[in-house]
Amino acid sequence: MPVFKTPFNGYSVKFSPFYENRLAVATAQNFGILGNGRLHVLDLSADPSLPIGELAAYDTADGIYDVSWSESHDSIVIAAVADGSVKLYDLALPPTSNPIRSFQEHTREVHSADYNPVRRDSFLSSSWDDTVKLWTLDRPTSVRTFKEHAYCVYSAVWNPRHADVFASASGDCTLRVWDVREPGSTMILPGHEFEILACDWNKYDECVIATASVDKRFPLVCLNGHGYAVRKVKFSPHVRNLMVSCSYDMTVCVWDFMVEDALVSRYDHHTEFAVGVDMSVLVEGLMASTGWDELVYVWQHGTDPRAP
Amino acid sequence: MDKAIQRQRVLLDHLQPISSSSNFSSQTHQSTDLSASLCFAKNSSHGQIGGSDDDVVIVAAYRTAICKAKRGGFKDTLPDDLLATVLKAVIEKTNVNPAEVGDIVVGTVLAPGSDRGIECRMAAFYAGFPETVPLRTVNRQCSSGLQAVSDVAAYIKAGFYEIGIGAGLESMTVDRVNRLRNINPKVETFAEARDCLLPMGITSENVAQRYGVTRLEQDQAAVESHQRAAAATAAGKFKEEIIPVSTKFVDPKTGVEKKIVVSVDDGIRPNTNLVDLAKLKPAFQKDGTTTAGNASQISDGAAAVLLMKRRVAVQKGLPILGIFRSFAAVGVDPAVMGVGPAVAIPAAVKSVGLELGNIDLFEINEAFASQYVYCLKKLGLDPRKVNVNGGAIALGHPLGVTGARCVATLLNEMKRRGKDCRYGVISMCIGSGMGAAAVFERGDF
């Protein structure tokens, strides 16, 4: 299975919504605590035995904590940077023209970025300055700032069906659901006793949201299985009940939350914290993960990521 | 290195083992103020208009032309005929059954309160409202029209009724600014109470002196107000909000009475320029900077805004012009009452969870150019977002009407701008030392 070695520690990996063989990886030097960052755009070969190629790489002065593809332009990628900036890159332009834009509004580390998949004209960023910001590509400043969380907001994710609704997960132990047309959050869920590090909407059932926490659990159905904090969680774009998670216990797990024994698979290919995980929208079962072991794995669900 | 230590702490907190839950809950960043509220995510899936059914929305906002007091088109018009015209308009243009209106609140300042209250009640009958629809007036000086709108919004939000009208009426031809008749001798020992007696023009001079607003800046603001208002009139931008008034006009020389229809603001001077303005003498203070040319005009006019719960608007199939989001009234030093908007605007914007940078359009009353210029500077507002169709220096400032007039002007401009404009703010300074501001959202966002 394809593996790619990154110079810095991996923080996030995302499949392109336009090309099935393309993905973006966010990395940060020294585990994101101090130093530079780099955004990699990788191309998978049609032959799984061949190595992953690097289409582009962009250096940043600080670590990159998350990456998100534009849903409206196939060549635009958004990076959430630890220096508080949100940067836009255009793969169609030479490195000297990139980043094409840098939004400097967050006052602390930006931890996540997510592009609106329905309206396709806006994206969110969430930050350790306790806020979530709404942006559009054509405006130099944020459209709006959402500031109800009382601690780091680790994740802000758009609803896959309703263009104006998103959820945010925070270290203040709450998940909030927002409608950008409302002045405040429309639902506050104290689902965990500890920090919530990630959240995701089910793609088929708008009433189901998964949250991932320092307490190692998902609350809707309490899914126990990770030995340490769960860093990311993602619902399958193809199967309603399927979801994937990655954790500080260095594993990636696949779950079926409707089954009593929910754990479907556990992948222990990472040798450091598993920090980023994604499922391809274009190829069913295709998964990617990255971690602080500086590796990006791409594999088909059900196979061994480390198999040559 | 401090940043590295902070990041290390944040990341290490993720590795908190479960057994130290008691330690964790004592950490300062844990939020204990949690609550649940309705989720609107499902609303959109049923094809409904977005937003909450309980939003207070504006479905119509109209005004008469604004005319110069004593000399303009309404100098011979009775005030209740002005109000009746706009009250009738909001009902007729929306085809709302007048009997369904829960209350009519009219902002009005100068007329004696009891007389004006009765006049407005009579105006509602002229406009076709049945006796079952109540009416009252409200006076918070220059913000009374906005106060009327926000009072109705508050009553709808409180559930007292679902449809209401916030309006404004002023005839500065008929009523004039008077000094208080009996002044309490205690004002000699209460400086702020004494400052409430200052003529408004003196407070304008105080703002200019205290905050360094120059005569040139004030005159420039006046020129721009007239230019923008003239351009807006020429472009037909006010046609959508102005309701023509059929009335009479008595020729001041011959005494001949004739019937006229007034549909254009008559205070606008397109040729206003810096050279001519520089010739004017200060109106209130020797060596002052406030002149008749860079102050608002005393005027006659009326305006009305129809508000209702969104659910009702959807049921009736009425287009939503805007959403009422917040209102704030604040107190400031009476000696410089003109700074009111600089305090009120941040308060109203903040109360709805927004920031100044989120506001796309402003209507800030130009009572005087000095306080207007000061407020823009103080808040760091882009002049291209403020009073884009002119303000009270050009259009006039019928005291109790301006707030409601601005709702019509703001929401129509937001509608024209469409996607580029989501939030708007209306604000004015208030005599005796207050400021008021309200936040609106475009209806079809």
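It is to be established whether one or more residues within the stretch A:38-53 are surrounded by 19 or more Cβ atoms within 10 Å (Cβ to Cβ) and at positive phi.
no
Contact list please: Cβ distance under 7 Å, first residue in the stretch B:426-445 and within 11 Å of chain A (Cβ to nearest Cβ) and under 11 Å from B:Ile359 (Cβ atoms), second residue surrounded by fewer than 24 Cβ atoms within 10 Å (Cβ to Cβ) and of a type in the set (D, E, K, R), pairs at least six apart or on different chains.
The qualifying pairs are B:Val439/B:Arg325; B:Glu441/B:Arg325; B:Glu441/B:Arg422.
Considering only residues that are surrounded by fewer than 22 Cβ atoms within 10 Å (Cβ to Cβ) and among the hydroxyl-bearing types (Ser, Thr, Tyr), look in the stretch A:163-216 and name the one that is nearest to A:Phe123 (Cα to Cα).
A:Thr186
Which pairs do you get when a residue that is over 25 Å from A:Val244 (Cα atoms), found in the stretch A:183-199, comes within reach of a residue that is aromatic (Phe, Trp, Tyr), reach meaning Cβ atoms under 7 angstrom, with the pair 6+ apart or on two chains?
Every condition considered, the pairs that remain are A:Ser185/A:Trp178; A:Thr186/A:Trp178; A:Thr186/B:Phe40.
Just to be sure before I move on: is B:Val59 away from chain A (no Cβ under 14 Å), modelled with pLDDT of 95 or more and within 30 Å of A:His162 (Cβ to Cβ) in the structure I sent?
For B:Val59, the condition - away from chain A (no Cβ under 14 Å), modelled with pLDDT of 95 or more and within 30 Å of A:His162 (Cβ to Cβ) - is met.
Which one of A:Ser75, A:Ser125 is crowded, with 23+ Cβ neighbours inside 10 Å, away from every other protein chain (no Cβ under 14 Å) and among the polar types (S, T, N, Q)? If you could, list the steps in order and put the result at the bottom.
On the way: A:Ser75 fails: crowded, with 23+ Cβ neighbours inside 10 Å.
Within the list A:Ser75, A:Ser125, the selection yields A:Ser125.
Can you pull out every residue in the stretch A:77-111 that is of a type in the set (S, T, N, Q) and over 18 Å from A:Thr141 (Cα atoms)?
Once the filter is applied, which keeps residues that are of a type in the set (S, T, N, Q) and over 18 Å from A:Thr141 (Cα atoms), the stretch A:77-111 yields A:Thr96, A:Ser97, A:Asn98.
All but one of (1) part of a helix (DSSP H, G or I); (2) in contact (Cβ under 8 Å) with a residue 24 or more places away in the chain hold for B:Arg194; which doesn't?
Exception for B:Arg194: condition (2).
Out of the stretch B:86-136, which residues are assigned to a helix (DSSP H, G or I) and in contact with a Ser or Thr (Cβ under 7 Å, 6 or more places away or on another chain)?
Filtering the stretch B:86-136 down to residues assigned to a helix (DSSP H, G or I) leaves B:86-94, B:98-100, B:113-126.
B:Val86, B:Ala99, B:Gly113, B:Arg116, B:Gly117, B:Cys120 - these are the residues of the stretch B:86-136 that are assigned to a helix (DSSP H, G or I) and in contact with a Ser or Thr (Cβ under 7 Å, 6 or more places away or on another chain).
When B:Val261 is evaluated against the numbered criteria (1) assigned to a helix (DSSP H, G or I); (2) surrounded by fewer than 15 Cβ atoms within 10 Å (Cβ to Cβ), which criterion, by number, is the only one it fails?
The number of the failed condition is (1).
Which of the numbered conditions does A:Thr136 fail, given that it passes all the others? Conditions: (1) in contact (Cβ under 8 Å) with a residue 24 or more places away in the chain; (2) more than 9 Å from chain B (Cβ to nearest Cβ); (3) in contact with a strand residue (DSSP E or B) (Cβ under 6 Å, 6 or more places away or on another chain); (4) within 23 Å of A:Asp74 (Cα to Cα).
That leaves (1) as the condition not met.
Picking from A:Ala26, A:Ala56, which residue would you name as being away from chain B (no Cβ under 14 Å), crowded, with 21+ Cβ neighbours inside 10 Å, among the hydrophobic types (A, V, I, L, M, F, W, C) and in contact (Cβ under 8 Å) with a residue 12 or more places away in the chain?
Only one candidate qualifies: A:Ala26.
Sort out which residues of the stretch B:343-398 are under 16 Å from B:Arg422 (Cβ atoms) and away from every other protein chain (no Cβ under 14 Å), and write them in order of number. Walk me through it before giving the result.
Let us first name the residues in the stretch B:343-398 that are under 16 Å from B:Arg422 (Cβ atoms), namely B:348-349, B:352-363, B:382, B:385, B:388.
Those that are under 16 Å from B:Arg422 (Cβ atoms) and away from every other protein chain (no Cβ under 14 Å): B:Leu361, B:Phe362, B:Glu363, B:Val388.
Which members of the stretch A:162-196 meet the condition of being part of a loop (DSSP other than H, G, I, E, B), more than 7 Å from chain B (Cβ to nearest Cβ) and under 23 Å from A:Val118 (Cβ atoms)?
Within the stretch A:162-196, A:Ala163, A:Val180, A:Ser185 qualify.
Working only within the stretch B:116-145, note down all residues that are aliphatic (A, V, I, L, M) and closer than 18 Å to B:Met308 by Cβ.
B:Ala124, B:Ala127, B:Val133, B:Leu135
How many residues does the stretch B:271-327 contain that are over 16 Å from the mean Cα position of the chain (by Cα) and of a type in the set (Phe, Trp, Tyr)?
1
The values are calculated or read from the model by the stated rules, or taken from the named source; none is laboratory data. From a predicted model like this one, the values you see are computed outputs, not experimental measurements. Please note: Cβ atoms are built from the backbone with ideal geometry, for glycine as well, and neighbour counts cover all protein chains shown.
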